[in-house]
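Report on one structure; see the data block that follows.
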Amino acid sequence: MIGSLFRDARFFAFLTLLLHFGFCSSLQATIRYHVSLAHPEQHLFHVTMTIPDVEDEVFVQIPAWNALYQIRDFSAHIQQLEVRQAAVQPRANTRPAIAPDSEPPSIEKIDKLTWRIRCQGSRETITVRYAIYWDEPGPFATQLNREHAFINPAMILMYVPERRSEQVQLVFGDIPDLWKGGGPGVQMSESMGVTRAFSSEFADYDALADAPIEAGKFEEFQLQGMSPEIWVVIHGDNYKKKEIEIQLKRICEYEIKLMGKAPYLRYTFIVHTGKAAAGAGGGMEHAQSTAIFVSSPESLPGLAAHEFFHLWNVKRIRPATLYPADYTKEQYTRALWFAEGVTNTYGSYTMERSGLWSKQQLYHDLGEQITELEARAANRWQSAEQSSLDAWLEKYPLYENPEYSVSYYTKGQILGVLLDILIRDRTDNAKSLDDVLREMNADFGVPGKPYRDSLDVQLTAEKVAGGSFEDFFKHYVAGASPLPYQAIFALAGLELRQTTRQRAALGFAADGALKGPLVVRSVDANSAAAEAGLQSGDLILKWNGGEPPRRIADWLRQHKSGELLHLVIRRDDAELKIDFRVGEIAETFYDLAEDSRAGDKARHIREGLLHGTTDAATLHASN
């Protein structure tokens, strides 16, 4: 997912810990945050925001979204909001004081995420205090409990809309005993009587929002031999440090070599694994770090390969439609098929080219992506660009059904491989998709110039390959024409094989919370479930006399077509019994294999694809 980018390389690293001597006069106008982690079992962050130089009134907001493309309204978590005039400038590691005898400024809520504060004079220093509740695991969330704190700052910290570009300073205080702070540049302070804290300074609010923090008891180590430095923070259990170190080093070394240069001064993997992941999964990219949650360490390398490549594709090579960030409303883009999907392409390339996968695993992974895409009815009409545009609908369970959407991750990954093969074929393996990414990094990433969604991707591919890709982008990126798998894979000495198997099918889709009834989201019109009277919106209370299964797919794998299913449902305040037999559907599976009949050119392209090489690179190296 997409976060905000540091504007200046000197702010890629956190600054040295701010001790209690106070700030120098040039920083007196900086907006400051103090966050208390006292009583973590209450799941409340106690935030004090200090805003200097307020002229009569000031507006403060908290984002409606961050990390995920979902309006999540973080203001719903706020309580005990109050505002006061500050008595004195606070020290760096202390909570700002309130003038005891001053008349408090007035505060008025304007909308769900905005407050207006009016003060009694000009150039006043205002403090805003509030508590905000979070106890949600995952890389896109924020959590505070007895075990740790994981913080996405935009989920807990307000900002002044017209002053978002100013420097900000952040201090975490009241750190529980034995906890430490983890993240890029986080440093602890216990000296000279100062309360245990860690502190950092950021170029602006967007840079602050892009810097997740872990606090707690965790293991931290550095990947040896990597320059610039790469650190790993792990909160969890049941992992092997040496194994993770080897895997992450291979991934980072390959991707840095691919793109030519590391774009950070210091990078941090913040990893939660095993019980610490609390059932959450996924990864979130940031300008100098990533946060990854996995139930099993076996899932870590694949996620890490994807998230680390985001350092270039998304964090530096940025679609113009997503920058600057507008935290108040949805931002629509047609470029996620490239930003996320082609990053998936390079995640799988990295796994194979670094030796963490065999070539058969690469083929199998691509076959699985094609199987997933072709199984979705929406693939017949939803293009990669439209899937990107509709990312904001992903929070609705109905939209996730195969009839309504395809994944821009999946379709984009496949398009990336197909485009790579076409470029290699047109240039006799002298150029590749690797060159497109490097060219876009040079044209857009390094100078900090956002690109124009799919248009600049197409133009860069044409520049690299020396010919038009208008038809490819018109039919397969902007349009939903069937992808020409066989014709393009043949150019790389590969063939797509398919098999069909029968499997049990319910004839309806349902989902629900961890406990309680399932909600029927859709019913196949020609299914036995529909004939028995099941309808969308029905609540399934009982399933064969017991609780409904939480994972319907797992239940289906253990049962056969023709079995009788007894449901008790609630509809319009009435309970009904519905019985029908489990149905059956044909499912097509795809797998990629090498074609033994392929010609020399195709085999040569295939080897280039697998090893990440081109003839131009080989010729250059020999000279």
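Some notes on this structure:
Yes/no per residue for (1) closer than 26 Å to Tyr254 by Cβ; (2) over 31 Å from the mean Cα position of the chain (by Cα); (3) in the same structural domain as Arg521 (by TED's automatic domain parsing):
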residue: Val568; (1), (2), (3): no, yes, yes
residue: Arg571; (1), (2), (3): no, yes, yes
residue: Lys577; (1), (2), (3): no, yes, yes
residue: Phe589; (1), (2), (3): no, no, no
residue: Glu594; (1), (2), (3): yes, yes, no
residue: His604; (1), (2), (3): yes, yes, no
residue: Thr614; (1), (2), (3): yes, yes, no
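- For Lys329, the conditions (1) in contact with a strand residue (DSSP E or B) (Cβ under 9 Å, 6 or more places away or on another chain); (2) surrounded by fewer than 24 Cβ atoms within 10 Å (Cβ to Cβ) all hold with the exception of (1).
- Residue in region 397-406 that is part of a helix (DSSP H, G or I), β-branched (Val, Ile, Thr) and closer than 21 Å to His475 by Cα present: no
- Out of Glu124, Glu108, one residue alone is modelled with pLDDT under 95 and under 27 Å from Val58 (Cα atoms). It is Glu124.
- Any hit, region 403-418, residues being farther than 25 Å from Trp381 by Cα, buried (at least 23 other Cβ atoms within 10 Å of the Cβ) and either small (Gly, Ala, Ser) or in contact (Cβ under 8 Å) with a residue 12 or more places away in the chain (or both): no
- Listed conditions (1) touching a residue at least 24 places away in the same chain (Cβ under 8 Å); (2) out of contact with any helix residue (DSSP H, G or I) (no Cβ under 6 Å at 6 or more places or on another chain); (3) closer than 23 Å to Gly138 by Cα are all met by Arg250, apart from (3).
- For region 234-284, filtering for residues that are hydrophobic (A, V, I, L, M, F, W, C) and under 18 Å from the mean Cα position of the chain (by Cα) leaves 7.
- In region 548-560 there is no residue matching the filter, namely being part of a helix (DSSP H, G or I) and modelled with pLDDT of 95 or more.
- Among (1) modelled with pLDDT under 95; (2) polar (S, T, N, Q); (3) not in a loop (DSSP other than H, G, I, E, B) - the single one Asn93 does not satisfy: (3)
- Candidates Leu541, Leu565, Leu534 - the one that is within 17 Å of Leu398 (Cα to Cα) and modelled with pLDDT of 90 or more: Leu534
- Taken as a whole, region 593-610 holds no residue that is in contact with a Leu (Cβ under 9 Å, 6 or more places away or on another chain), exposed (fewer than 12 other Cβ atoms within 10 Å of the Cβ), without any contact (Cβ under 8 Å) to a residue 12 or more places away in the chain and not in a helix (DSSP H, G or I).
- Within region 226-240, residues that are within 16 Å of Glu298 (Cα to Cα) reach partners that are hydroxyl-bearing (Ser, Thr, Tyr) with beta carbons closer than 6 Å, at six or more positions or on different chains, in the pairs Gly236/Thr273; Tyr239/Thr273.
The values are calculated or read from the model by the stated rules, or taken from the named source; none is laboratory data. Given the structure is predicted, the values throughout are model-derived calculations rather than measurements. Virtual Cβ from ideal backbone geometry, glycine too; neighbours counted across all protein chains shown.
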